[in-house]
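K.L.:
Please find one structure pasted underneath; my questions will follow.
The values are calculated or read from the model by the stated rules, or taken from the named source; none is laboratory data. All of these numbers come straight from a predicted model, not from anything done at the bench. Neighbour counts are summed over all protein chains in view; Cβ atoms, including those assigned to glycine, are modelled from backbone coordinates with ideal geometry. The accessibility values were calculated without ligands, DNA or RNA, using every heavy atom of the protein model including side chains. Shrake-Rupley method; radii C 1.70, N 1.55, O 1.52, S 1.80 Å.
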Amino acid sequence: MKIAFVVIAAAMVAAALALLLLPLLRQGREAGRPRSVFALALLIALVLPLGTGTLYLLVGTPNALNPASKQAPPSLTMDQALTELRTHLQQQPDDLQGWMLLAQTSSMLRQPANARDAFGHALKLDPNNAEAMIGWAENDSMTRADHRIEGRARELLVQAVKLHPDSQRGLWLLGISDFQNGDYRDAAATWRLLQPQLEPGSNVAKSVAEQIAVADARAGGAPAGASSSAAASAPQGAALQVQVALAPALKGKLAAGDVLFVYARSPDGPPMPLAVAKLDPASLPATVTLTDAMAMTPAFKLSSVARVFVGARISHGGQPEARPGDLEGDAGVVAVDSTTPIKISIDKVH
């Protein structure tokens, strides 16, 4: 009965979406847009609910243990539709809806560079498209090793929030940008604008409240009008003590302008550090404590995982990304709740 319910529910959702989309697609066809654009829109609308039901049946039942019961996802059909959409956009580059559809689909498929490019085309056609501004900024950060939101990405977010002050994604991302830049008071103030739009007591609301408390604490205390205990009650999170030394054989490779990065990152997640400290290599050997306060974004921090990869790198160019010639060392994967000092010897050349 449960399986039948899931299948029927998914089919009903798909049918409802089809009924809503068909009039819009018919109008678009009359305007001269090719069938592939609308086929892709229908594909996304129909595959998502039906795919969700199928995923439940595969993962949520013992039948998933039977290899014969597994079927390949319809990636080929999606790829064909995307290819036709790109061909259409080459022929009709002024199709704003086509570029937005390509951007959103690329983002859904976790292709941030393609999504950013498509959102960029949309912004050329509609410079005041807040959705495209936010999408460009978000996907631009995903293409960066440090996931920072700065430069044009930040400028677009500021403009988008001015146009739509109630944009939840815009406010969240703009607050992250403030947080990354060390503007903790601004980050807390931005996220407070987001709070009234969230369902009280929801996990999202609790998470935003926690990040506001962390930002207030890093800013040096609670903001005016807030409880005096807000900063004191902010969670301190995890902390790892790391002892770093440079192998004697590599001391001759140090150069003026070198920067030492000591970092912790998820062993299975994105390359963006969960905590990072920036030091002068001349201070080696040195001891540094990595904490949640050193997170590059509030959503990704030490206490968000159970184990981390801890490493150290001396960058000749002063950049956080590893480059040939950099000096490296690591302690491997350790538990976040470890209280024993972690020792790293920088003894390799990248």
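K.L.:
Would you say residue 191 is more than 22 Å from residue 104 (Cβ to Cβ), out of contact with any Cys (no Cβ under 9 Å at 6 or more places or on another chain) and assigned to a helix (DSSP H, G or I)?
P.N.:
Working: more than 22 Å from residue 104 (Cβ to Cβ): yes; out of contact with any Cys (no Cβ under 9 Å at 6 or more places or on another chain): yes; assigned to a helix (DSSP H, G or I): yes.
When the stated conditions are applied, residue 191 passes them.
K.L.:
Just name the residue that is surrounded by the most Cβ atoms within 10 Å (Cβ to Cβ) out of those in segment 142-155 that are free of Cβ contacts under 8 Å to residues at least 24 places away in the same chain and in a helix (DSSP H, G or I).
P.N.:
Per the stated criteria, the residue is 154.
K.L.:
In segment 201-223, how many residues are closer than 11 Å to residue 189 by Cα and either modelled with pLDDT under 80 or among the aromatic types (Phe, Trp, Tyr) (or both)?
P.N.:
Total meeting the criteria: 1.
K.L.:
Confirm whether residue 160 is among the hydrophobic types (A, V, I, L, M, F, W, C) and either within 23 Å of the chain's Cα centre (by Cα) or not in a helix (DSSP H, G or I) (or both).
P.N.:
yes
K.L.:
Output the residue which, of all residues in segment 118-136 that are of a type in the set (D, E, K, R) and in contact (Cβ under 8 Å) with a residue 12 or more places away in the chain, is most open to solvent (accessible area, probe 1.4 Å). Reasoning before the result, please.
P.N.:
Of the residues in segment 118-136, the ones of a type in the set (D, E, K, R) are 124, 126, 131.
Now restrict to residues that are in contact (Cβ under 8 Å) with a residue 12 or more places away in the chain: 126, 131.
Numbers: 126: 50, 131: 92 Å².
Per the criteria, the residue is 131.
K.L.:
Then there is this: How about segment 184-212: which of its residues are under 15 Å from residue 295 (Cβ atoms) and open to solvent by 20 Å² or more (accessible area, probe 1.4 Å)?
P.N.:
184, 207, 210
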